[in-house]
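The values are calculated or read from the model by the stated rules, or taken from the named source; none is laboratory data. Since we're looking at a predicted model, the values are computed, not measured. Quick reminder, even Gly has a Cβ in these numbers, built from the backbone with ideal geometry, and neighbours come from all protein chains shown.
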Amino acid sequence: MSRFSKAQTVAFSGLFIAIAAVLSFFKIPVTNILEIRFAIIPLAISGYMLGPLATGIVGGAADVIGYIVKPTGPFFPGFTISNVITGVIFGLMLHNKKVTLWRVLVAEILQAVIVGILLNSFWLSMLYGNAFPVVLGARIIKELVMIPVNTAIFMAILVPLSKSGLVPAGKAKRVKGEAK
């Protein structure tokens with residue numbers, strides 16, 4: 001159950017979709033296969049604030065809108081599915097829960113293994129005709145490097161957010177007028 005009314009959830013969802021779509025344009029290349037991307041940040045925040053369903057929708061919509069605004073290569077629905085699953089993972093792991101390093105790290109590891117390593121490797125091998133084990137090897141290295149980077153970024157944002165009072169930690173509070 002969300003801490004926000006339906007209208008607030010829709011408004012926050014739209015905000016996170018827009019931010020994720022814009023942040024998808026930016027990346028910091030580290031090597032040929034490793035780059036730091038920022039579009040995952042709004043998904044973690046949305047997961048914490050809105051829960052798995054809304055954040056799954058945010059992830060899917062952000063992927064499609066980001067592609068419409070600035071296409072990079074062919075559109076492939078597999079990556080939209082990956083974004084939806086990323087949102088669901090963050091929502092399940094972070095929503096209505098206290099922000100701790102352990103919880104954020106586990107959420108990022110789950111996202112890295114399920115989405116970054118397995119699904120995205122499969123999508124890339126399907127899309128470009130490369131052997132799955134070859135793609136998998138490169139993606140494992142990339143994700144192992146990105147787990148601590150993303151965890152540090154998420155902690156730097158989620159800890160102050162949890163202490164801000166905008167989104168109280170712990171169990172969801174019932175919104176006025178909401179049915180029991």
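Considering only residues that are buried (at least 19 other Cβ atoms within 10 Å of the Cβ) and farther than 13 Å from residue 63 by Cα, which ones fall in region 31-40?
Listed by number, the list is empty, since nothing qualifies.
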### Query
From the residues in region 152-165 that are aliphatic (A, V, I, L, M) and in contact (Cβ under 8 Å) with a residue 12 or more places away in the chain, which one is surrounded by the fewest Cβ atoms within 10 Å (Cβ to Cβ)?
159
### Task
Taking the options 134, 106, 149, name whichever one is within 17 Å of the chain's Cα centre (by Cα), modelled with pLDDT under 95 and surrounded by fewer than 19 Cβ atoms within 10 Å (Cβ to Cβ).
149
### Whichever residue in region 109-118 is at pLDDT 95 or above, crowded, with 19+ Cβ neighbours inside 10 Å and not polar (S, T, N, Q) and, among such residues, is farthest from residue 82 (Cα to Cα)
112
### Task
Six or more apart or on different chains, Cβ under 6 Å: which pairs go from a residue in region 59-70 that's more than 20 Å from residue 48 (Cβ to Cβ) to one that's outside any helix (DSSP H, G or I)? Could you list them?
66/24; 67/75; 70/25
### Filter result (modelled with pLDDT of 90 or more and touching a Phe, Trp or Tyr at 6+ places or on another chain (Cβ under 6 Å)) within region 64-73
67
### Message
Go through region 22-66 and report how many residues are over 14 Å from residue 82 (Cβ atoms) and of a type in the set (S, T, N, Q).
### Response
3
